[in-house]
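Step one of this worksheet: look at the structure below.
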Amino acid sequence: QAYLCKNSWGEFGGPNGDGTFWIAYSGHANDLGFGMANFSVTSLACSSDAECDDGLYCNGQETCNVNTGACQAGTAVTCGSDGSFCNGEEVCNEATQSCGSTGDPCGLGTFCNEETDFCASLCGNGVCDAGEDCSSCPSDCIGGAAGGTCGDCFKGTCDGICNPNKDGANCSDCWSTYCCGDGICEGEENSINCAIDCPVPICGDGVCDVEEDNSACPADCPVTAQEICDNGLDDDNDGAVDCADSDCFASATCQCGGKNAACQSDSECCSNVCRRGKCTP
């Protein structure tokens, strides 16, 4: 058997001179002699159900119509409900070749109530759960300024801007804000009031956690001989932090420029005014 095919050679092109060419199996009278055009002819008609099987379970069993020689599509597997809302919808699982459930239908920050067939919010249960934070659920997730007081700011006033050269170490403006649920353990957060951000600290893991200090875990929080004046920590464990520590009184980090002191920006001057490279009152 051979097939006469039209090609794009044009009306008089191709090996037959009429725009056609033969595709034939090797040894046929019209074998063109180039391998890519020769093939063995296989009948497309089926004779058994096995020949029609596509190997998939969920779309049903294919069958062969012996009268027409054509494969017939199977009936897709349907999965009836098991009556439970909280395990999700029942669907056909190709991997297990069986019906299974899709799982909890409720998203983060909610829980499934089987009695009401409803996904209810977790907000209000006193625990900052996954999907919640201090903005979406302030009743469960704490947040605010990390600490400090306005009295320790320049001229005893909070202005929302931290000026390290003028503000004291405990100025509220120089403390970052914190928000339980943002994945960062900071500020007033700890493993009790914000477990989602602050897992229970492990002494000996080489990290000085918020709830650890030199007394509770010297292995993670060793005492240093010198206070570091700009990291917000009591490095030498003497009760004073950064510029409030006497070790930092002479540090440039804790100084602001007086009248006529050289400056490049307002923040370098005690007056917060730098003009023409000098601090002015």
Unit charges on C-beta of K, R, D, E only; dipole of region 175-281, Debye: 1120 debye
Cα pair distances exceeding 26 angstrom across region 60-176, given as percent: 60 percent
Rh by Kirkwood over Cα pairs, then Stokes-Einstein D for region 174-281 at 1.002 mPa s and 20 °C, µm²/s: 130 µm²/s
Part-to-part distance (alpha-carbon centres) for region 154-175 and region 182-247, which is given in Å: 21 Å
All-pairs Cα distance distribution in region 84-143, expressed in whole percent, bin size 10 Å: 23, 34, 26, 13, 4
Taking the C-alpha atoms of region 184-237, convex hull volume expressed per residue in Å³: 83 Å³
For region 45-134: relative contact order, % (alpha-carbon pairs under 8 angstrom, 6 or more apart): 17 percent
J(HN,Hα) series, region 185-200, from Karplus relation 6.51 cos²θ - 1.76 cosθ + 1.60, nearest Hz, glycine and proline x: 8, 7, x, 7, 6, 8, 5, 8, 8, 8, 5, 5, 9, 10, x, 4
Cα-projected label distance for SER215 with PHE111, points at 7 Å along beta-carbon direction, nm: 3.7 nm
Sequence-separation-based contact order of region 149-281, relative, with Cα cut under 8 Å and 6+ spacing, percent: 17 percent
Relative frequency of Cα-Cα separations exceeding 24 Å in region 124-242, percent: 39 percent
Where labels lie 7 Å past Cα in the beta-carbon direction, separation of ARG275 and ALA252 in nm: 2.6 nm
Potential lengthening between ALA45 and THR149 on full extension [0.36 nm per residue; Cα-Cα distance subtracted]: 28.8 nm
Estimated inter-spin distance, TYR57 and ALA262, nm [label 7 Å along Cα→Cβ]: 7.9 nm
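No value in this document is a laboratory result; all are computed from the given coordinates. Worth saying up front: this structure is predicted, and the values here are computed from it rather than measured. As a convention, Cβ positions derive from the backbone with ideal geometry for all residues, glycine included, and neighbour counts pool all protein chains shown.
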